[in-house]
Amino acid sequence: MAKEELILTQEGLDKIEQELQELKTVKRKELAQRLKVAISYGDLKENSEYHSAKDDQAFMETRILSLERMLKIARVVDVKSISLTDVVIGSVVILNDIEFNEKIEYRIVGPAEADAADFKISYESPLGKELLGKKVGNKINVNAPMGIIQYELLEIKAI
């Protein structure tokens, strides 16, 4: 069986570590306090505050386990060694949407870091898959729900 790995940038790794630290320290204490207050209300069977806090606790502990697993299989991409001739994970690309003649800048990241609102797309996304290995000047066709979207790769740069 192939070794599973999660490819991250240093920024992505730092975010995961920060979230994990916050959950383990601050959030656990806050939930413990919520549970203590809820228990003080008595009758736990019909105590909505208690049940809500227990649900939140279960969700948080699951998230902690998930983040710890991510860190165990994480591999950080060295952005200083990123090629500026081919698109790789960690590249920043500037594309031209051919239909609308509109320039768009994306950063190619691992799936755990993807954030469309921040223009970070996963290398596993349809556009990310099409971009990997491409060079400046290449045309990229991406199947989208509304049809095929065509881009031209204008520039590859480092962070």
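The values are calculated or read from the model by the stated rules, or taken from the named source; none is laboratory data. Treat the numbers as computed from the prediction; the structure is a model and nothing was measured. Cβ sites come from the backbone with ideal geometry, for glycine too, and all protein chains shown count toward neighbours.
Can you find a residue in the stretch 14-26 that is over 22 Å from the mean Cα position of the chain (by Cα) and of a type in the set (A, V, I, L, M)?
To start, the set of residues in the stretch 14-26 that are over 22 Å from the mean Cα position of the chain (by Cα) comprises 25-26.
If we keep only those that are of a type in the set (A, V, I, L, M) as well, we get 26.
Yes, that holds for at least one residue.
Would you point out the residue of the stretch 118-142, among those that are touching a Lys or Arg at 6+ places or on another chain (Cβ under 9 Å) and part of a loop (DSSP other than H, G, I, E, B), that is surrounded by the most Cβ atoms within 10 Å (Cβ to Cβ)?
Y123
Going through the stretch 133-159 one residue at a time, which ones are within 16 Å of I89 (Cα to Cα) and either touching a Ser or Thr at 6+ places or on another chain (Cβ under 7 Å) or at pLDDT below 95 (or both)? Show your work before the answer.
Applying the first criterion (within 16 Å of I89 (Cα to Cα)) to the stretch 133-159 yields 133-136, 153, 155-159.
Scanning the stretch 133-159 gives G133, K135, I156, K157, A158, I159.
Can you pull out the residues in the stretch 116-159 that are of a type in the set (S, T, N, Q) and more than 17 Å from N101 (Cβ to Cβ)? Steps first, answer last, please.
Our first condition is that a residue be of a type in the set (S, T, N, Q); within the stretch 116-159, this holds for 122, 125, 138, 141, 143, 150.
Passing the criteria: S122, S125, N138, N143.
Contact list please: Cβ distance under 8 Å, first residue in the stretch 32-55 and free of Cβ contacts under 8 Å to residues at least 24 places away in the same chain, second residue surrounded by 12 or more Cβ atoms within 10 Å (Cβ to Cβ) and of a type in the set (D, E), pairs at least six apart or on different chains.
Pairs found: R34/E49; R34/D56; V37/E49; A38/E49; Y41/E49.
Just the residues that are in contact (Cβ under 8 Å) with a residue 40 or more places away in the chain and polar (S, T, N, Q), please, taken from the stretch 115-159.
Q150
Looking at (1) in a strand (DSSP E or B); (2) in the same structural domain as G12 (by TED's automatic domain parsing), which one does F59 not meet, given that it meets all the others?
(1)
Please specify each residue of the stretch 76-114 satisfying the condition of being among the acidic types (D, E), more than 30 Å from L20 (Cβ to Cβ) and without any contact (Cβ under 8 Å) to a residue 60 or more places away in the chain. Please lay out each step first, then the result.
First pass over the stretch 76-114, keeping only residues among the acidic types (D, E): 78, 86, 97, 99, 102, 105, 113.
With the extra rule that they be more than 30 Å from L20 (Cβ to Cβ), the set shrinks to 86, 97, 99, 102.
If the condition is that a residue be among the acidic types (D, E), more than 30 Å from L20 (Cβ to Cβ) and without any contact (Cβ under 8 Å) to a residue 60 or more places away in the chain, then D97, E99, E102 are the ones that fit.
Could you tell me whether L71 is outside any loop (DSSP other than H, G, I, E, B), more than 16 Å from T9 (Cβ to Cβ) and of a type outside the set (V, I, T)?
Working: outside any loop (DSSP other than H, G, I, E, B): yes; more than 16 Å from T9 (Cβ to Cβ): no; of a type outside the set (V, I, T): yes.
It is false that L71 is outside any loop (DSSP other than H, G, I, E, B), more than 16 Å from T9 (Cβ to Cβ) and of a type outside the set (V, I, T).
Can you find, within the stretch 13-52, the residue that is modelled with the lowest pLDDT among those that are assigned to a helix (DSSP H, G or I) and among the acidic types (D, E)? Let's see the steps before the verdict.
Initial filter on the stretch 13-52 (assigned to a helix (DSSP H, G or I)): 13-40, 44-46, 48-52.
The next check asks that each one be among the acidic types (D, E); those that pass are 14, 17, 19, 22, 30, 46, 49.
Values: D14: 94, E17: 97, E19: 97, E22: 98, E30: 96, E46: 83, E49: 91.
In this case the residue turns out to be E46.
Check whether at least one residue in the stretch 88-98 is more than 25 Å from V142 (Cβ to Cβ) and either part of a loop (DSSP other than H, G, I, E, B) or among the acidic types (D, E) (or both), and report yes or no. Break it down stepwise before answering.
As a first pass, look at the stretch 88-98 and keep what is more than 25 Å from V142 (Cβ to Cβ): none.
No, the stretch 88-98 contains no residue that is more than 25 Å from V142 (Cβ to Cβ) and either part of a loop (DSSP other than H, G, I, E, B) or among the acidic types (D, E) (or both).
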